[in-house]
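The structure appears below as structure tokens.
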């Protein structure tokens, strides 16, 4: 899974939220591509980056219900009509498209009748319309509201959810989530040595065994339910 | 009625649509403010412009379901939080907010299930959310689809509708439309001389008389209808 994150932030070095997410992205081996850091926009180079990715994420703070202008500038230049849908070819077809949006406002404000009077999904509609035109697979939005008010534990939990958003198989089901954690545990144990590695492998075996048990219980429950339906 | 048009187009001199609309705007004595022509954005000067206007129009070609990045840049800089809704004051409160959007695609494509799979109203939601936060009065969208395919007559009809959009009293009712045309006729006759002016005044009198007759007929119809309801 090659994940490309198109990040837009006019002062990214001063954004603790983006710096925090950046560490998570690097750990996940996703490509971190900050558009405001580009000296100039090389259209074919940018398009190649997009072509090479399996999952493309737009990531930005919400400024007036959209990305900062740097992302729109990038869009207006890089996303030529031919690249999205011209000539009956669709270079981005079947790639996955996600949005990570940070905001200083609480999520409860983004409702009809609430302070912002618009949902985040509504505000993001223009980006998804592009993805739709390019026949991409649209992922649910990943919102990071009020990072500053999160406890350290909440920040860590959010970071793991973010990393799952970057690389976990779709859809975000229990099975896919378990497999993602198993892979992470594998990677972790591989880097251990001697006694730690033995212990790590025992933990991994237990984790996998638990997953298999859970699968069996799920199957049994399913059979019982089907029996009831008859 | 002071109307301010915030126009965004990266190559406005090459846009025949914008040049056509510009003539209509000048005739209507609206302020034509092209953001990409600004050497730099003087925030307080821009905010003063907005403060002085009764009606504020964002006008642009649709690029990826939004304005060109020049308008977003202007928004990100000029629309500070305090200017829109900070400190419990609302400098733009009760001003009218409209959007004029030009597009090369036919309107029928902007529907759920159609090619674009998004309505223009949905694409414009972020701009209206700003206006909503600033307690402005939101006008219906003015769309100019496929200017190039319009006949000369259709272009002229569109131009008049555009001028009404810039200066006519809200709502866009028959009475307000009549008054707008009466005012235009007045202005026109005022500029005539001698015999032409006499003829012009006769036409104006007839027009006003027709309007009054129409009002009387409307009143009569209303009375009959009220009688039926009893």
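What follows draws every value from the coordinates through simple rules; no lab data is involved. Just so we're clear, the structure is a prediction, and the values are computed from it rather than from any experiment. As a convention, Cβ positions derive from the backbone with ideal geometry for all residues, glycine included, and neighbour counts pool all protein chains shown.
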Notebook entry, point to check: Extension gain residue A:109-residue A:201, at 0.36 nm per residue separation less the Cα-Cα distance, in nm?
Noted result: 28.5 nm
Note to self: As I understand it, the value is the acute angle between the Cα axis of helix B:16-27 and the longest principal axis of the Cα atoms of chain B; what does it come to in degrees, rounded to 10?
What the structure shows: 60 degrees
Checklist line | Which of A:116, A:182, A:212 has the fewest Cβ neighbours within 10 Å, and the rest in rising order | finding: A:212, A:182, A:116
Note to self: Restricting to Cα pairs below 8 Å that are 6+ residues apart, what does the relative contact order work out to for the stretch B:13-143? Please round to a whole percent.
What the structure shows: 25 percent
Item checked: Relative contact order computed over the stretch A:1-63 (Cα-Cα under 8 Å; 6+ residues apart), in percent -> 59 percent
Notebook entry, point to check: How far is helix B:152-167 tilted, in degrees, relative to the longest principal axis of the Cα atoms in chain B, given as a value from 0 to 90 rounded to the nearest 10?
Noted result: 80 degrees
Item checked: Diffusion coefficient, µm² s⁻¹, Stokes-Einstein with Kirkwood Rh over alpha-carbon pairs of the stretch A:189-229 at 10 °C and 1.306 mPa s -> 131 µm²/s
Check: Got a sec? How would B:83, B:207 order by Cβ neighbour count within 10 Å, fewest to most?
Finding: B:207, B:83
Notebook entry, point to check: In degrees, nearest 10, range 0 to 90: what is the angle between the Cα axis of helix B:43-52 and the longest Cα principal axis of chain B?
Noted result: 20 degrees
Note to self: If I take R0 = 51 Å and measure r between the Cβ atoms of residue B:27 and residue A:170 in this structure, what FRET efficiency does the formula 1/(1 + (r/R0)^6) give, to the nearest 0.05?
What the structure shows: 0.40
Notebook entry, point to check: What list do you get for A:149, A:63, A:127 if you sort them by fewest beta carbons within 10 Å?
Noted result: A:149, A:63, A:127
Check: Relative contact order of chain B: what whole-number percent is it, with Cα pairs under 8 angstrom and at least 6 residues apart?
Finding: 18 percent
Item checked: Surface/4 of the Cα convex hull for the stretch A:3-171, nm² -> 9.9 nm²
Margin query: Quick check: convex hull over the Cα atoms of the stretch B:145-230, volume per residue in Å³, rounded to an integer?
Written below: 145 Å³
Item checked: Rule-of-thumb Rg ratio for the protein assembly as shown [Cα; 2.2 N^0.38 Å; N residues] -> 1.27
Next item on the list: Return the FRET efficiency for the residue pair residue A:181, residue A:39: r is the Cβ-Cβ distance, R0 is 51 Å, and the value is rounded to the nearest 0.05.
Entry: 0.80
